[in-house]
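Scroll down for the structure; my scribbles are underneath it.
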Amino acid sequence: MLPLDPIRHGTLYSVRLFLIAIVVLLTASWSAPRTTTTAGTEEATQKLSDDPTLIDWRILRGLNYRTGERTEDLEALNGKLVKMVGFPVPFEDWASNVTEFLLVPYEGACVHTPPPPPHQVVWVQMYGSTRASLPGMSPVWIEGTLHIEMGDNVYGQAGFRLVGMKVYPFRY
């Protein structure tokens, strides 16, 4: 059998996606979300030294993107400094030094396949002149201020906007 046999290669790819998803979920589950005690509504007043609230994709499902209704837990995060992990989808074909991109819960979510629903898409806009260097198709941690608002972009709709302050690779 050739090492790049399509069936075997596809199976290994599926196993890799499954393992990444498990690691992401377990990492988020081991660290219980904390509430941030820092006051302030402007991104500039929130410093990276503040402890961001660790969130995962399950809490974002608390947004009904058809009606705009949201859970109390999700509403409490609006305008707060958060930290989350996901897969970046850059708007440009190259993935270095970007000022905005989409963050999605799984690898491969893009315009070539049906996109995730808006409550599973975060539109990241880097703060000020901050630029993010994205590591290709690998997951990243991002810290920034979360805003619950629907937004249209070149790839469709996002239910959230995150003003990114720090992006770094997710380590397995």
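The values are calculated or read from the model by the stated rules, or taken from the named source; none is laboratory data. Just so it is clear, the model here is predicted, and its values are computed rather than measured. So basically every Cβ, Gly included, is an ideal-geometry build from the backbone, and we count neighbours across all protein chains shown.
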Quick one: in the range 46-88, of everything that is of a type in the set (A, V, I, L, M, F, W, C) and in a loop (DSSP other than H, G, I, E, B), which residue is surrounded by the fewest Cβ atoms within 10 Å (Cβ to Cβ)?
Leu48
Can you name the residue in the range 116-157 that is aliphatic (A, V, I, L, M) and over 16 Å from Gly79 (Cα atoms) and is also surrounded by the fewest Cβ atoms within 10 Å (Cβ to Cβ) among such residues?
Val154
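Quickly run through the range 103-127 and pick out the residues that are modelled with pLDDT of 85 or more and assigned to a loop (DSSP other than H, G, I, E, B).
Correct list: Pro105, Tyr106, Glu107, Pro116, Pro117, Val121, Tyr127.
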Residue that is of a type in the set (S, T, N, Q), in a loop (DSSP other than H, G, I, E, B) and under 20 Å from Pro52 (Cβ atoms), where the choices are Thr145, Thr130
Thr130
Of all residues in the range 155-172, count the ones that are in contact with a Phe, Trp or Tyr (Cβ under 6 Å, 6 or more places away or on another chain) and either touching a residue at least 60 places away in the same chain (Cβ under 8 Å) or of a type in the set (A, V, I, L, M, F, W, C) (or both).
5
Those residues of the range 49-85 which are basic (Lys, Arg) and touching a strand residue (DSSP E or B) at 6+ places or on another chain (Cβ under 7 Å), in sequence order
Arg70, Lys80, Lys83
